[in-house]
Amino acid sequence: MNPTHILVATFPGQGHINPSLQLAKRLVKMGIEVTFMTSVFARKRMANATTEDSPKRLTFVEFSDGYDDGLKPCDDGKRYMEEMKTNGIEALKNIILASSKRDHPVTCLVYSHLFAWAAEVAREVHVPSALLWIEPAAVLDIYYYYFNGYGGDIDKCSNEIQLPKLPLLSKNDIPIFLLPSTPERFRLVVKEKLDVLDAETKPKVLVNSFDELEKDALRAIEKYELIGVGPLIPSGFLGGEDLSDKSYGGDIFKLSENNYIEWLDSKPESSVVYVSFGSMFVLPKTQMEQIAKGLLDCGRPFLWVIRENEHDGNNEDDQKWSHFEELERIGKIVRWCSQLEVLSHPSLGCFLTHCGWNSVMESIVFGVPVVAFPQGFDQPTNAKLIEDVWKTGIRVHKNEDSGIVEGDEIMKCIEKTMDDGEKSQEWRNNANKWKGLAREAMGENGSSNKNLMYFLKELGHV
Ligand code: UDP
């Protein structure tokens with residue numbers, strides 16, 4: 001039998017690369033040979049961060065998705081995904097077939113969830129595959145239920161809906177792709193992912209979550225085997241053996257040269273509000289202005305990530321924000337930061353986040369209370385879990401007429417999280433509890449570590 005060699009194929013988004021690369025590194029630490037495949041653009045941007053400390057058994061391969069200089073705002077997203085698929089299928093086949101002619105053929109494919117087509121390639125070349133699910137198990141459950149008996153109920157959901165093994169959901173908690181107002185083609189993207197899984201008997205899904213966090217959700221779909229292997233965070237932050245391992249190692253955005261850590265060092269314990277909307281979302285300028293207003297009204301120190309492209313005007317326009325100078329007086333604005341370093345900093349008080357799943361997992365690992373400000377995809381469901389299931393924070397509410405979350409609401413939610421009231425105490429205590437459980441899960445005898453070993457054993461790895 002050939003030694004285990006896992007090919008990890010990843011969509012070139014920051015939220016995909018971070019957990020996939022962590023999984024790859026964990027597998028390498030367990031003695032597995034891993035090849036990591038992503039696009040030329042992502043690899044070029046990651047290169048500086050990964051070459052030096054990459055373990056020997058981790059090899060990177062890149063493929064051209066047709067956008068080697070990255071996706072531009074004027075590019076057509078649908079066409080981008082189609083070209084990614086056509087080029088990706090060919091590249092993947094070539095990599096697997098080439099490896100079969102060498103000493104170490106690929107024995108398993110792990111693909112991140114916008115690469116559903118990768119599973120079909122694996123089947124064609126007779127290599128087992130597993131999906132790496134980088135959203136909560138609960139979201140996969142909702143998708144599954146939607147296409148397996150509950151679609152009508154979810155479509156009709158005007159008040160609340162009870163799905164098996166999940167908390168009571170309102171319309172505001174449903175993943176955006178399933179909302180009737182979302183174009184049909186997005187539901188088809190979800191369906192494609194499930195169809196690929198349904199083509200297998202008991203398909204394996206590695207989930208960036210852990211048993212204690214999503215006990216029921218991880219067991220909700222009998223037809224699939226959901227395996228909690230998270231949080232997929234560098235081991236140095238989880239009290240692992242290698243305490244120097246403190247970076248994802250795959251930033252595709254330029255690191256901020258700004259001295260934000262020194263700035264954090266100068267702030268009292270638990271005093272800073274960290275604001276970030278992840279690596280993709282672009283907020284309307286009116287919304288940015290309201291966030292600015294909320295932060296100014298709080299008057300607390302804040303660190304706000306505003307990416308270069310994160311505004312709906314040009315750079316000059318950006319600078320013309322009202323209150324811009326005032327903002328820079330009490331807070332710090334950076335283009336990008338090491339979010340892990342920021343969230344683990346003692347001065348951190350709360351995290352105003354769009355609830356991308358990596359950001360949520362990171363808030364859990366560092367025990368940081370959350371002000372949830374969901375935008376798209378799975379984020380409304382993630383916000384529901386934060387507020388009502390794990391109870392580590394509060395969700396903002398938008399003005400139904402304008403569709404904007406007003407500064408006043410943002411200020412109130414931040415204050416409720418940062419003050420000394422009963423609620424903020426409860427959220428802080430819960431955040432600490434989950435922090436402990438997340439670390440336990442990744443420990444040597446923890447559930448996620450054992451689950452990953454089980455996965456490898458099932459692949460025939462001894
Ligand atoms: N991130 C970072 N620095 C930033 C903003 C984000 O390192 O300034 C990282 C963050 O730690 C997370 C990822 O980028 O791992 C964003 O993933 P998430 O799922 O939270 O959101 P997405 O970008 O996919 O919407």
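Since every read-out is calculated from the coordinates, none of them should be taken as a lab result. Nothing here was measured: the structure is a model prediction, and the numbers come from that model. Cβ: placed from backbone, ideal geometry, glycine included. Neighbour counts: every protein chain shown.
Charging the Cβ of each Asp and Glu at -1 and of each Lys and Arg at +1, and nothing else, the dipole of the chain about its Cα centre rounds to 1140 debye. FRET efficiency for the pair PHE147 and PHE281, taken as 1/(1 + (r/R0)^6) with r the Cβ-Cβ distance and R0 = 25 Å, rounds to 0.40. Taking amide H atoms as placed 1.01 Å from N in the peptide plane, the amide H of ALA130 lies under 5 Å from those of LEU109, VAL110, TYR111, each 5 or more residues away in sequence or on another chain.
Is the shape of segment 84-219 best called rounded, prolate or oblate, per the rule: a/c under 1.5 gives rounded, else a/b larger than b/c gives prolate, else oblate, with a ≥ b ≥ c the square roots of the Cα gyration tensor eigenvalues? The shape class here is prolate. Going by neighbour counts of Cβ atoms within 10 Å, the residues THR381, THR86 line up, fewest first, as THR86, THR381. The lysines within cross-link reach of LYS72, meaning a Cα-to-Cα straight distance under 22 Å and a gap of 8 or more places when in the same chain, are LYS44, LYS85, LYS254, LYS285.
Distance between the 7 Å Cα→Cβ label points at VAL462 and ASP75: 4.6 nm. When the Cα gyration tensor is reduced to axis lengths a ≥ b ≥ c, the ratio a/c is 1.5 or higher for segment 384-462, and with a/b not above b/c it is classed as oblate.
Relative contact order for segment 349-462: 24 percent, from Cα pairs under 8 Å spaced at least 6 residues apart, divided by residue count. Distance from the C-alpha centroid of segment 352-422 to that of segment 238-302: 15 Å, rounded to the whole angstrom. Listed cross-link partners LYS93/LYS215; LYS29/LYS193; LYS202/LYS457; LYS29/LYS204 are compared with a 26 Å cut-off, the Cα-Cα value being larger for LYS93/LYS215; LYS29/LYS193. Screening the chain for DSSP H helices whose Cα atoms reach 30 Å or more along their own axis and whose mean Kyte hydropathy is at least -0.5 gives 77-100. When only Cα pairs below 8 angstrom with a gap of at least 6 residues are kept, the chain shows a relative contact order of 15 percent. With both residues required to sit in the chain, DSSP beta bridges show an antiparallel share near 5%. At full extension, LYS56 and TYR454 could sit 140.9 nm farther apart than now, given 0.36 nm per residue minus the alpha carbon distance. The ranking of GLU262, GLU406 by Cβ neighbour count inside 10 Å, starting from the fewest, reads GLU262, GLU406. Legend: ranking of residues ILE17, ILE386 from fewest to most surrounding C-beta atoms inside 10 Å; resulting order ILE386, ILE17. Computing FRET efficiency as 1/(1 + (r/R0)^6) for ASP155 and GLU400, where r is the C-beta to C-beta distance and R0 is 25 Å, gives about 0.75. With a Förster radius of 30 Å applied to the beta-carbon distance between LEU168 and GLU192, the computed FRET efficiency rounds to 0.55.
The length gained on full extension between GLU120 and ASP103, counted as 0.36 nm times the residue separation minus their Cα-Cα distance, comes to 3.7 nm.
Taking only DSSP H segments of four or more residues, each worth -39500 (n - 2.57), what value at 222 nm results for the chain once the sum is divided by all its residues, to the nearest 500 deg cm²/dmol? The helix-only estimate for the chain comes to -12500 deg cm²/dmol at 222 nm.
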